[in-house]
Amino acid sequence: MDFSLNDIQQMLQDSASRFVRNDYGFASRRAIVESAAGYSAAHWQTYAELGWLALPFPEEVGGMGGSLSDLMVLQTELGRGLIVEPYLATVVMAGNLINRHAAAGQKQALLEALISGEQLFSFAGFEAAAQHDIRLISTTAGADGDGYRLNGHKAVVIGAGLGGKLVVVARTGGRPGDAGGLSLFLLDEDAEGVSLQGYTTNDGLRAADVRLSDVLVGPEALLGDAGTAAPAINAMLNDAIVALSAEAVGVMETLLSRTVEFCKVRKQFGVPIGSFQVLQHRMADMFMECEQARSMLYYATIAVAGGCDADVAASRLKVRIGKAARLVGQQAIQLHGGMGVTDELDVGHYFKRLTMINTQLGSRDAHLHRLVQLQSVA
Amino acid sequence: MNIDFTEEELAFREEVRQFFRNEMPASVRDKVARGCWPDREDHVAYQQALYEKGWAGVNWPVEYGGTGWSAAQRYIFYNEAAAADAPRIIPFGLAMVGPVIYTFGNDEQKARFLPDILASRVWWCQGYSEPNAGSDLAGLKTRAVRDGAHYIVNGSKTWTTLGHYADWIFCLVRTDDSGKKQEGISFLLIDMTSPGVTVKPIITLDGRHEVNEVFFEDVRVPVENLVGEEGKGWTYAKVLLTHERTNIAGVAPSKRRLARLKALLADPPAGVPSLRENAVFMARLVETEIELTSLEYTELRVLSAVATGKAPGPESSILKIKGTEIQQALDELWLEAAGIYAMPFVPEQYQAGFEGESIGPHFAPSMAPLYYNNRKVTIYGGTNEIQKNIIAKQVLGF
Ligand SMILES: Cc1cc2nc3c(=O)[nH]c(=O)nc-3n(C[C@H](O)[C@H](O)[C@H](O)COP(=O)(O)OP(=O)(O)OC[C@H]3O[C@@H](n4cnc5c(N)ncnc54)[C@H](O)[C@@H]3O)c2cc1C
């Protein structure tokens, strides 16, 4: 048994933490969030050069063949920097899905374009009525000639609107509630019949609602086989929960250290507020939540990568992260007093990201409900 | 022990309902119902409607133009106001400086300031906190030095809520630092248009401009603007803080928000997750409701004690702590009800008059900013940690 980082992971952690420290200060992040583009194309190239875009993909398509633990290590560091580039959307979600489900001939070109940093992707799966439950989606892809006609509305597609390609989940069969009948399509954001309502999210990412009205595509737009995408989507979502949770751990550990530093220097009543025992205990609670969250992250990374009870492990992780995030995020703000609720201080921005991480990929309540249901039939 | 309303109280309730139905400006009610922030004019319009009716001074004694209402009447009023989606009454004039002036001010000050406060003709803000005097309020450094018929004020205040709307600010200033720090503090009223006063916005997490820094540079304030005695400001402020803490509980608005949430879940519009089937969520909702019922009865106990002549004591700290915890629990429940549409930041969508295409259910994207904004409630008015220190010291005797 060994929880230490291997050489590759150590290298990843060092390079990511150096990047965040030197190139992703809070002021430059703010400039990126407020820029017209909403992300930094220059940084994206750096991610390509550092091999981050290649990390989880197999060597035969130009990837590094990295493991889920490698991805976890990288994501934790990106969390510390509150990175807004669409790494999760492009690499962890859309890329992962292409790798799992696209036909061999499609895969090569798409992943090469992704890995080189040329092409962004986003995952257009979730819908309003379905929320994060992919089986409930209702977007349709009816046969039309030798191609398909797509209709539907995708909710809050993170990373859409940056000029990348959409990996759309649509039904070529079955109906909402069925796992069968789900297919993947690759669409351009500006294809005819595709309309995007773009916006920034509460935590500074770019996203869009995507409406598909009679979008006509040829057979080449279908990724992999029709009607069989559910297992790949499910596996991708488990990986994504691990990666997102790793990011959350980076965010929480940063909030803890910011809070401890603050309580050492902020003085009231003539003493540092950190000398009040009630605040020390509060920070001890935050520390324990961070550690428990990290432990759960290791457990789920191993379980998901090993494919044993992956769904349960991913849900358990999302629940535990949601719980830790609530305590750590809220107390970080509380202990900063008025400063905590300002836009000026970075602490509030870590808190906002952490809050949105709970919503993203299904909330604590949603996953807890799912686990309770699994228990009651087991 | 009973909480039945008398015939008169029931008639009063009907009158209050009538008022909110017919006399509260509809545009203001719509904004509150839609989750928009009312602006300065909206607040003034509502409070002036109350004034016309003779109801502006809810807690004021009759001799100063107040209602002289019983505890039951106030309870009825606050509940009906919340149920009618009335905005909160801005506390700085009516609930804070007004009571200080009628309790500790001289006749001239009463005649000069109270009518405009009651009629919401003048907007007040609260200048207590400073960058280095938050929880340790008595550590404040803004200095007022006597110069003939004036005080010369230098220093800065911060977190001043809606200071950018204000005509006047009531300040705690230091007039002496020779003795105990609480003893050299005075209560001073300052015209915001005085030369040397500048207001700088502080943007909060939700992207809004609600609080400010206020700077004073050689501001000349006439000595007649000193309330009560020099050096007694701390005593006056403490009385006022107790009032502020009772107001902060927000039981009636929380009941309203809970009722709205239940109505939403009973008939969820497209895009709202079907949370009624989620026992985990429902358990949280029910627990919040139980806490709220307890708090409502705690508040009733405090109100009836006050009605029999006792000043709100340390138990008002319970109202502040529990009231704000419940508000924040409601924020979390509403955030959950927003589902995936908690994520978009589209502030224009919850502005009044928005007619574009809504992203997700109309209310949903305003829930995260509200959740962020409301982290303030456990911080302002004396943080919840400070309230617990008060309970430990004043109630438990440590
Ligand atoms: C949105 C908003 C609006 C406000 N509006 C106004 C206004 O209109 N006018 C005005 O005058 N002020 C206003 N305030 C200021 C508010 O009263 C202060 O923020 C509050 O008193 C806390 O002070 P601080 O921010 O300096 O935090 P600090 O005092 O620095 O506290 C930081 C943390 O330390 C804890 N702490 C401090 N001392 C102790 C102790 N002895 N024991 C245990 N824990 C302790 C606190 O509880 C807090 O968690 C507002 C604040 C906010 C956030």
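Rounded to whole Å, the principal axis extents of the Cα atoms in chain A read 78, 50, 41, largest first. Close Lys pairs in segment B:249-394 (alpha-carbon distance under 28 Å; sequence gap of 8 or more, or different chains): 20.
When every Cα-Cα distance of the protein assembly as shown is counted in 20 angstrom steps from zero, the calculated P(r) takes the values 15, 45, 29, 10, 0 percent. The residue among B:Pro25, A:Leu223, A:Gln334 whose Cα reaches farthest toward the positive pole of the charge dipole of the protein assembly as shown, with charges on the beta-carbon of Lys, Arg, Asp and Glu, is A:Gln334.
What does the charge count near B:Trp55 come to, summing +1 for each Lys or Arg and -1 for each Asp or Glu among other residues with Cβ under 14 Å from its Cβ? Around B:Trp55, the charge tally is 0.
Couplings 3J(HN,Hα) for segment B:381-398, derived from phi with the Karplus relation 6.51 cos²θ - 1.76 cosθ + 1.60 (θ = phi - 60°), are x, x, 4, 5, 5, 5, 4, 5, 4, 5, 4, 4, 7, 8, 9, 8, x, 7 Hz, where x marks Gly and Pro.
Can you pull the percent of the protein assembly as shown's accessible area that's carbon plus sulfur, 1.4 Å probe, other chains left in place? Heavy-atom surface of the protein assembly as shown belonging to carbon and sulfur, 1.4 Å probe: 53 percent. Extents of segment A:17-118, taken as max minus min of Cα coordinates on every principal axis and listed largest first, are 43, 30, 19 Å. Solvent exposure of segment A:7-119 amounts to 39 Å² per residue of accessible area, where only protein heavy atoms count and the probe is 1.4 Å. For segment B:308-398, applying the loop criterion from DSSP together with a ceiling of 16 other beta carbons within 10 Å to the trypsin sites (Lys or Arg not before Pro) yields B:Lys310. Working from label points 7 Å from Cα in the Cα-to-Cβ sense, the A:Lys264 to A:Ile302 distance is 3.3 nm. Of all DSSP bridge pairs formed entirely within the protein assembly as shown, close to 85 percent run antiparallel.
A simple count of charges around A:Ala366, restricted to other residues whose Cβ falls under 15 Å of its Cβ and scoring Lys, Arg +1 and Asp, Glu -1, yields +3. Taking Cβ atoms as reference points and 13 Å as the exclusive limit, the residues near B:Thr193 contribute a net charge of -1, counting Lys and Arg as +1 and Asp and Glu as -1.
Interface A-B: total buried accessible area of about 4000 Å², 1.4 Å probe, protein heavy atoms only. Of all DSSP bridge pairs formed entirely within segment A:127-265, close to 95 percent run antiparallel.
Helix-only arithmetic for the protein assembly as shown: the sum of -39500 (n - 2.57) across DSSP H runs with n ≥ 4, divided by the residue total, places the mean residue ellipticity at 222 nm at -15000 deg cm²/dmol. Couplings 3J(HN,Hα) of segment A:322-339, computed from phi: x, 5, 4, 4, 5, 5, 5, x, 5, 6, 4, 5, 4, 6, 7, x, x, 4 Hz, in residue order, whole Hz [Karplus 6.51 cos²θ - 1.76 cosθ + 1.60, θ = phi - 60°; x for Gly and Pro]. In chain B, taking the dipole from charged Cβ atoms about the Cα centre, the farthest positive-side position among B:Val280, B:Ala56, B:Ala45 is held by B:Val280. 3J(HN,Hα) along segment B:96-108, derived from phi through the Karplus expression 6.51 cos²θ - 1.76 cosθ + 1.60 where θ = phi - 60°, amounts to 10, 6, x, x, 5, 5, 6, 8, 10, x, 8, 4, 4 Hz, with x in place of Gly and Pro. For segment A:84-192, the list of GluC sites (Glu not before Pro) that fall in a loop by DSSP and count at most 16 other C-beta atoms within 10 angstrom reads A:Glu118, A:Glu192. Comparing the full protein assembly with the isolated chain, the residues of segment B:205-227 losing at least 10 square angstrom of accessible surface (1.4 Å probe) are B:Leu205.
Of the trypsin sites (Lys or Arg not before Pro) found in segment A:309-378, not one falls in a DSSP loop while having at most 13 other beta-carbon atoms within 10 Å. Calculated accessible area for segment B:7-89 comes out at 47 Å² per residue, all protein chains present (probe 1.4 Å; ligands, DNA, RNA ignored).
On a per residue basis, segment B:139-191 carries 38 Å² of accessible surface, using protein heavy atoms and a 1.4 Å probe. Distance from the alpha carbon centroid of segment A:202-269 to that of segment A:152-168 works out to 13 angstrom. Basic side chains Lys and Arg get +1 at the Cβ, acidic Asp and Glu get -1 at the Cβ, and with that the dipole of segment A:224-286 about its Cα centre reaches some 620 debye. When the charge dipole of the protein assembly as shown is built from unit charges on Cβ atoms (+1 for Lys and Arg, -1 for Asp and Glu) and taken about the Cα centre, the candidate among B:Gly356, A:Ser35, A:Ser15 whose Cα reaches farthest toward its positive end is A:Ser15. Which longest uninterrupted range of chain B lacks any GluC sites (Glu not before Pro) assigned by DSSP to a loop state (not H, G, I, E or B) and surrounded by at most 16 other Cβ atoms within 10 Å? The reported range is B:24-228. Solvent-accessible surface of protein heavy atoms, probed at 1.4 angstrom with all chains present, puts A:Arg18, B:Arg301 in the order B:Arg301, A:Arg18, largest first.
Once all Cα-Cα distances of segment B:123-231 are split into 10 Å bins that start at 0, what whole-number percent is in each one? P(r) over segment B:123-231, rounded to whole percents: 16, 49, 29, 6, 0. Other protein chain C-beta atoms within 10 Å of residue C-beta, averaged over A:338-351: 5.
The values are calculated or read from the model by the stated rules, or taken from the named source; none is laboratory data. Please read all numbers here as calculations on a predicted model, not as lab measurements. Here the Cβ is made from the backbone with ideal geometry for all residues, glycine too, and neighbour counts use every protein chain on show. For accessibility, only protein heavy atoms count, side chains too; no ligands or nucleic acids. Shrake-Rupley method; radii C 1.70, N 1.55, O 1.52, S 1.80 Å.
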